[in-house]
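Engineer: So that we are looking at the same thing, I have put the structure below in structure tokens.
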Amino acid sequence: MTELRIAVVGTGLMGADHVIRIGKRIVGAHVSAIVEPDESRAKSAMENAPEATWYPDIETAIEAKSMDAVLIATPGQFHEPVLLPALHAGLPILCEKPLAPDEESSLRIVDAEVSGGKQLIQVGFMRRFDQGYMDLREHIASEASGELLGLHCAHRNPEVPDSYHNDMLIFDSVVHEIDVVRFLTDSPVTTVEVKHMKRNSLSPTGLNEPILVLLGTESGVLATVEMNVSVQFGYQVKTEAVFQRGIAEIGRTSGMSRFFDGAISTPEHMSFKTRFAAAYDNQIQRWVNAVQRGTIDGPSAWDGYLAAAAVKSGVAALHSGSVEVVKYANKPSFYN
Ligand code: ISE
């Protein structure tokens, strides 16, 4: 089988990481094109992709037929203008989360995929490829500890870039829990409420956090999410699941413990790039394999839309302080 030629669109933090990953660890694919308007960023990414050609925009890259598949890693608000021409060209796409930051553009993307007649989009909710989440989902489904009653999720970032603004707490960060709570429980999020903890004076100006988000699901399982983007000490994503007959926990950092100078210490991750490195590898390898078979293997554009619809209520809840009910469009039979 010939190697899959991938165009990586956007080579900021995540895109540059994916270029290295594809070059070093992914089997059966290589980066054939870097699509990036910023020349210096493109050049630095190309140091890890010797076979790649640089294009400033997706249209020129498509015109040059320089790829078999597209990996989109630009910020969420720039996904739609890349997704639509790539879909139109019939290219398989792995699109970083969120599919789009708002419900309306997510629906437009879904409509475009449906009219093209083939499922081409996979959304990069990488937590679904993390061993801990996969094990927990299986444990919940097995009912070995009885029925699942609730989830306590902690999502902590040491800090965020200057471009991060308050609504991103929901559409850029909590969107992971919104997707993964449905993945774990097999039940859609139906209500969202947001409470504020005491504001961290170390949070950047304009951010009012940490927040506590309550996600209610159709099945009655309630998930609490501590969303904290200024926790300083490290990057931590953990979940505790409460069952009828016990508790299950994922995400506790393992590794060498040092007993030194009157303290016991284990290093903590500082970024999602290392915390979820294995999940990203797994996600991209499975996507490459699926593309070779003409399919996808992971969350679809419809999953991306469902997350966006719940995000809309989440942002409303962040502003209103009330419980917001999530409304979903009818699922096109195309996604059954
Ligand atoms: C970022 O965009 C991610 O996707 C990370 O996984 C998340 O932890 C972070 O809060 C987001 O800003």
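What follows is calculated from the coordinates using simple rules that are stated; it is not laboratory data. In this text, all values refer to a predicted model and were calculated from it rather than measured experimentally. Note: ideal-geometry Cβ built from the backbone for every residue, glycine included; neighbour counts use all protein chains shown.
Engineer: Can you spot the aspartates and glutamates whose alpha carbon is less than 15 Å from Lys24's alpha carbon? Ignore those fewer than 8 places along the same chain.
Structural biologist: Glu3, Glu47, Glu51, Asp281
Engineer: Quick one: angle between helix 175-185 and the longest Cα principal axis of the chain, in degrees between 0 and 90, rounded to 10, please.
Structural biologist: That works out to roughly 70 degrees.
Engineer: I've got another one for you. Where the only charges are on Cβ atoms (+1 Lys, Arg; -1 Asp, Glu), what is the dipole of the range 86-238 about its Cα centre, to the nearest 20 debye?
Structural biologist: 280
Engineer: With N residues in the chain, what two-decimal value do you get for its Cα radius of gyration over 2.2 N^0.38 Å?
Structural biologist: Numbers: Rg = 20.0 Å, N = 336, 2.2 N^0.38 = 20.1 Å.
Taking the Cα Rg and dividing by 2.2 N^0.38 Å, one obtains 1.00.
Engineer: Mind checking the angle between helix 277-292 and the chain's longest principal axis? C-alpha axes, 0 to 90 degrees, to the nearest 10.
Structural biologist: 40
Engineer: Under a crude label model (7 Å from the Cα following the beta-carbon direction), how far is His152 from Glu104 in nanometres?
Structural biologist: Computed distance between label sites His152 and Glu104 equals 4.0 nm.
Engineer: Ok, one more. Can you pull the one-decimal nm distance between simple spin-label points at Ser333 and Thr253, each 7 Å off the Cα toward Cβ?
Structural biologist: Spacing of the two 7 Å Cα→Cβ label points: 5.1 nm.
Engineer: Here's another thing I want to ask about it. Please work out the FRET efficiency for the pair Leu214 and Ala263, using the Cβ-Cβ distance as r and a Förster radius of 35 Å; give the result to the nearest 0.05. The partial results should precede the final answer.
Structural biologist: Numbers: r = 35 Å, r/R0 = 1.01.
Once rounded, the FRET efficiency stands at 0.50.
Engineer: Still on this structure: Restricting to the chain, what percent of DSSP beta bridges are antiparallel, rounded to 5?
Structural biologist: Details: 32 of 59 bridges.
Bridges in the chain are about 55 percent antiparallel.
Engineer: Once phi is turned into ³J(HN,Hα) by the Karplus curve 6.51 cos²θ - 1.76 cosθ + 1.60 with θ = phi - 60°, what whole-Hz value does each residue of the range 20-29 show in order, with x for glycine and proline?
Structural biologist: 5, 4, 5, x, 9, 10, 8, 9, x, 8
Engineer: Still on this structure: Dividing the Cα convex hull volume of the range 131-274 by residue count, how many Å³ per residue is that?
Structural biologist: So the per-residue hull volume is 138 Å³.
Engineer: Nearest 10 degrees is fine. How inclined is helix 131-142 to the longest principal axis of the chain, computing both from alpha carbons?
Structural biologist: Between the helix axis and the principal axis of the chain, the angle is about 60 degrees.
Engineer: To continue, here is another question. Show me, bin by bin at 5 Å from 0, the whole-percent P(r) of the range 217-336 based on Cα pairs.
Structural biologist: Taking every Cα pair in the range 217-336, the percentages come to 2, 7, 10, 13, 16, 18, 16, 9, 5, 3, 1, 0, 0.
Engineer: By counting other Cβ atoms within 10 Å of each Cβ, how are Trp302, Trp54 ranked from fewest to most?
Structural biologist: Lowest count first: Trp54, Trp302.
Engineer: Please order Arg293, Arg127 by the number of other Cβ within 10 Å, starting at the fewest.
Structural biologist: Fewest-to-most Cβ neighbours within 10 Å comes out as Arg293, Arg127.
Engineer: Sticking with this structure for a sec: Pull up all non-local amide H partners of Leu71: gap of 5 or more, or a different chain, and H-to-H distance under 5 Å with H placed in the peptide plane.
Structural biologist: Ala7, Val8, Val9, Leu94
Engineer: How far apart, in nm, are two points set 7 Å out from the Cα along the Cα-to-Cβ line at Ser44 and at Lys65?
Structural biologist: Spacing of the two 7 Å Cα→Cβ label points: 3.5 nm.
Engineer: Which aspartates and glutamates, on any chain, are close to Lys195 with Cα under 15 Å apart, when same-chain ones fewer than 8 places away are left out?
Structural biologist: List returned: Asp167, Glu209, Glu226, Glu324.
Engineer: Give the lysines reachable from Lys97 as a straight Cα distance under 16 Å; neighbours fewer than 8 places away on the same chain don't count.
Structural biologist: Cα-Cα hits under 16 Å: Lys273, Lys312.
Engineer: Please tell me the relative contact order of the range 131-274 in percent, rounded to the nearest whole number, where contacts are Cα pairs under 8 Å and at least six residues apart.
Structural biologist: Details: 266 pairs, mean separation 45.4, N = 144.
Relative CO of the range 131-274 lands at 32 percent.
Engineer: What net charge do the residues around Ala316 carry, taking every other residue with its C-beta under 15 Å from that of Ala316, with Lys and Arg at +1 and Asp and Glu at -1?
Structural biologist: Result for the local shell: -3.
Engineer: Still on this structure, please answer the following. What length, rounded to one decimal in nm, is gained on full extension from His165 through to Thr2, with 0.36 nm per residue of separation minus their alpha-carbon distance?
Structural biologist: So the extension gain works out to 54.4 nm.
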